[in-house]
Amino acid sequence: MSQKIGFIGVGRMGANMARRLKECGFEITALCDANPSAAQTLAQELGAIATADLRQVTKLSEVIITVVTDDRAMKRIFTGGLLSRAKGKLFINCATVTPDIHVWVEARVEKAGAQSLEACMASSITQARQGSLYLMCGGKPEAFERAKPILEKLGSSVRYIGPAGRAAQLKSLVNMVMNINTAGLAEGLGVADALGLDLGLVREVFSQTGAGSNVLRTDGEDMQNREHSCFFSAAHAAKDSGIALKLGKAQQLKLPLAVATKKQFDRMMAEGLGELDKSGIAELTFKGRH
């Protein structure tokens, strides 16, 4: 692959996306992260340059992939030098941020003579490493077509949703429903445990009935075993539920389940559990735990 790719944000997701693209033959040129040691370590592994200078990432790359935490981080990088001499470059933005931020980014990027695409990820660390992410994309169709050869190496499904912001809207709803399912599963298993039921049997019955879900498959055993190594943090769950609630409020809708779920994830954060995986919500519902 001839394209040179830089990354802004090489945490759990960004690092594994960079590894995947390197294995697929792309040249990973420059890495930047709020944690400089993480960028340096990965740069040594991939033969890239680690830098704190956003302008350097853009200079050394034709495509810049951003995987940052929130709206504030997105605004900071796109006003902090990332668009210096950006003409002709492509920015692929993978963070779960508010739809309005993606619209704002696209406007700034186009003013700089470049292209922007949101590529929202509905998967986790394992899928990032394997190249089997589910990607929802928003932006101009020509930006999507340009990004497609890269995205198809990262994702097993790459869907174009519509203009800037539309993919982010859908992603927030995906996470809202996932979070509600996670909270509901934790309560069901918590009651089953309190009743003295065999949780292995309970999970099997759930899987074969209307209680089955992807969350049961990914989180059920972890909730039972109190294994909450982070793939998708409670802090991110709270943030993403908040994005979806704002969308619903703007449409004058009441979302009581989403509200209750966000309160649970907010409680995890207040009690110092925000960096646990979302499965850690079970610590709030099982008798005799946290």
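The values are calculated or read from the model by the stated rules, or taken from the named source; none is laboratory data. In this text the structure is predicted, and so the values were computed from the model without any measurement. Please note: Cβ atoms are built from the backbone with ideal geometry, for glycine as well, and neighbour counts cover all protein chains shown.
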Could you check Ala128 against (1) crowded, with 18+ Cβ neighbours inside 10 Å; (2) farther than 21 Å from Lys171 by Cα; (3) small (Gly, Ala, Ser) and say which number it fails?
(2)
Note on region 136-187: residues farther than 19 Å from Asp100 by Cα, touching a helix residue (DSSP H, G or I) at 6+ places or on another chain (Cβ under 9 Å) and not assigned by TED's automatic domain parsing to the domain that holds Lys249 are Ile150, Leu151, Lys153, Leu154, Gly155, Ser156, Val158, Arg159
Exactly one of Thr58, Thr41 is among the β-branched types (Val, Ile, Thr), surrounded by fewer than 22 Cβ atoms within 10 Å (Cβ to Cβ), more than 19 Å from Lys140 (Cα to Cα) and modelled with pLDDT of 95 or more, and that residue is Thr41
Can you report the number of residues in region 232-290 which are closer than 18 Å to Val174 by Cα, assigned to a loop (DSSP other than H, G, I, E, B) and not hydrophobic (A, V, I, L, M, F, W, C)?
2
Hey, any hits in region 222-231 for a residue that's within 28 Å of Arg12 (Cα to Cα), at pLDDT below 95 and among the aromatic types (Phe, Trp, Tyr)?
yes
Just to be sure before I move on: is Ser84 modelled with pLDDT of 95 or more, touching a helix residue (DSSP H, G or I) at 6+ places or on another chain (Cβ under 9 Å), surrounded by fewer than 21 Cβ atoms within 10 Å (Cβ to Cβ) and in the same structural domain as Ala143 (by TED's automatic domain parsing) in the structure I sent?
yes
Regarding region 1-20, can at least one residue be identified that is of a type in the set (D, E, K, R) and assigned to a strand (DSSP E or B)?
yes
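Is it the case that Val109 is surrounded by 23 or more Cβ atoms within 10 Å (Cβ to Cβ) and under 18 Å from the mean Cα position of the chain (by Cα)? Let's see the steps before the verdict.
Numbers: surrounded by 23 or more Cβ atoms within 10 Å (Cβ to Cβ): yes; under 18 Å from the mean Cα position of the chain (by Cα): no.
Judged against the criteria, Val109 is not a match.
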Is at least one residue of region 3-19 farther than 29 Å from Ser172 by Cα and more than 17 Å from the chain's Cα centre (by Cα)?
yes
Which of the residues spanning region 43-58 are in a helix (DSSP H, G or I) and touching a Gly at 6+ places or on another chain (Cβ under 9 Å)?
Leu54, Arg55, Gln56, Val57, Thr58
Condition first: at pLDDT below 95 and within 18 Å of Pro36 (Cα to Cα). Now tell me which residues in region 2-12 satisfy that.
Gly11, Arg12
Would you confirm, using the coordinates I've provided, whether Arg72 is under 27 Å from Gly248 (Cβ atoms) and surrounded by fewer than 18 Cβ atoms within 10 Å (Cβ to Cβ)?
yes
Regarding Ile65, is this residue under 22 Å from the mean Cα position of the chain (by Cα) and either at pLDDT 95 or above or surrounded by fewer than 24 Cβ atoms within 10 Å (Cβ to Cβ) (or both)?
yes
Out of region 88-142, which residues are aromatic (Phe, Trp, Tyr) and in contact with a strand residue (DSSP E or B) (Cβ under 8 Å, 6 or more places away or on another chain)?
Phe91, Tyr134
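Looking at region 22-37, is at least one residue β-branched (Val, Ile, Thr), in contact with a Cys (Cβ under 9 Å, 6 or more places away or on another chain) and buried (at least 23 other Cβ atoms within 10 Å of the Cβ)? Reasoning before the result, please.
If we filter region 22-37 for residues that are β-branched (Val, Ile, Thr), which is where we start, we get 28-29.
Remaining after also requiring in contact with a Cys (Cβ under 9 Å, 6 or more places away or on another chain): none.
No: zero hits.
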Please go through (1) over 26 Å from Gln3 (Cα atoms); (2) of a type in the set (Ser, Thr, Tyr); (3) buried (at least 24 other Cβ atoms within 10 Å of the Cβ) for Ser116 and return the number of the only condition it doesn't satisfy.
(1)
